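Dropping a structure here in structure tokens format, bear with me for questions.
None of the figures in this text is laboratory data; all of them are computed from the coordinates on show. Worth saying up front: this structure is predicted, and the values here are computed from it rather than measured. We place every Cβ from the backbone using ideal geometry, glycine too, and count neighbours over all the protein chains shown.
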């Protein structure tokens, strides 16, 4: 067989290299597309989280300034309701920015006491975004960064750990809030949990309902995530630290919240506070099932 010319040899070498490059591209292309997609997704997530952190911080400061300027112009008897309305507007905005999608089953009562399970500080945003509310919280919350400022501006009723809700001062505050036309929200578990169950209710937190003989409704809150653990990333419990927990939520694409309410019309609960606590806890556990 005659020897190949230099031109033929060069052509064969180039052809073999082109075949090898083509085969390598076929093998590498899917991995490259995957890496590009992951990089783009990471960049979108980083931008989304950064934007949310900035938007919530900046507009919350604006809202606090608005609260400080406008609330003093209301008559004293109307200030509680005005503060609840202010929190309602801010919560709707915050839920929209943070990506909290809320679905409800049943109607939130227009007035009276509302008793709910407690999973996270997000519970306040979710419930307040549905209807103006005034919350009863531990005095520790007043010292929290960011949420403590909002809680004080919203007219939250703070209770010392040692102070019972049966004290005349607290009962008078609850009575005045109900008279203003707002819903008063209690979390009788006394703390938040991972959502796997409803903790036993502290009956002392329901003493105001017994004394005031006002209608009491129950509510159940649940959360869902497409990427991550609800117990570890949405629920705020154990010894979690607020700021890292909140920053992590900003990077979640969407948080779904489901709220169920006891049927209307509301009724005045009879019996002592232990019986009322047991009845309300059973209602919430039934709504969660």
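As a footprinting exposure proxy, order 160, 239 by other Cβ within 10 Å, with the fewest listed first.
Numbers: 160 11, 239 4.
The most exposed by this proxy come first: 239, 160.
Here's something else I'd like to know. Please arrange 54, 146, 135 by how many other C-beta atoms lie within 10 Å of their C-beta, fewest to most.
Working: 54 12, 146 15, 135 25.
Fewest to most other Cβ atoms nearby, the residues stand as 54, 146, 135.
Using a ≥ b ≥ c from the Cα gyration tensor of region 43-288 (square roots of the eigenvalues), is it rounded, prolate or oblate, where a/c under 1.5 gives rounded and otherwise the larger of a/b and b/c decides, a/b for prolate? Each step should come with its number before you reach the end.
Values: a/c = 1.76, a/b = 1.26, b/c = 1.39.
Here region 43-288 falls in the oblate category.
Between residue 44 and residue 278, how high is the FRET efficiency from 1/(1 + (r/R0)^6) when r is the Cβ-Cβ distance and R₀ = 41 Å? Nearest 0.05.
Working: r = 48 Å, r/R0 = 1.17.
Efficiency, rounded to the nearest 0.05: 0.30.
What is the spin-label model distance, in nm, from residue 169 to residue 225 if the labels are put 7 Å beyond Cα along the C-beta direction?
Placing both labels 7 Å along Cα→Cβ, they lie 3.9 nm apart.
Roughly what % of DSSP beta bridges within region 43-288 run antiparallel, to the nearest 5?
Numbers: 8 of 28 bridges.
The answer is about 30 percent antiparallel.
Note down the nm distance, to one decimal, between modelled labels 7 Å out along Cα→Cβ at residue 68 and at residue 51.
According to this spin-label approximation, the distance is 3.0 nm.
Contour minus end-to-end for residue 241 and residue 286, with contour as 0.36 nm per residue of separation and end-to-end as the Cα-Cα distance? List each step's numbers first, then the result.
On the way: separation 45, 0.36 × 45 = 16.20 nm, distance 3.13 nm.
So the chain would gain 13.1 nm between residue 241 and residue 286.
I've got another one for you. Along the Cα-to-Cβ line of residue 160, 7 Å from the Cα, sits a label point; which residues in region 174-202 have backbone N less than 19 Å from it?
174
Here's another thing I want to ask about it. Testing the spin-label approximation: label points 7 Å from Cα along Cα→Cβ at residue 77 and residue 140. State their distance in nm.
According to this spin-label approximation, the distance is 3.8 nm.
Same structure, new question: Please tell me the relative contact order of region 43-288 in percent, rounded to the nearest whole number, where contacts are Cα pairs under 8 Å and at least six residues apart. Write out the running numbers ahead of the final one.
Values: 422 pairs, mean separation 68.2, N = 246.
RCO, region 43-288: 28 percent.
Please rank 194, 227, fewest neighbouring Cβ atoms within 10 Å first, as an exposure proxy.
Details: 194 16, 227 10.
Ordered from fewest to most neighbouring Cβ atoms within 10 Å, 194, 227 come out as 227, 194.
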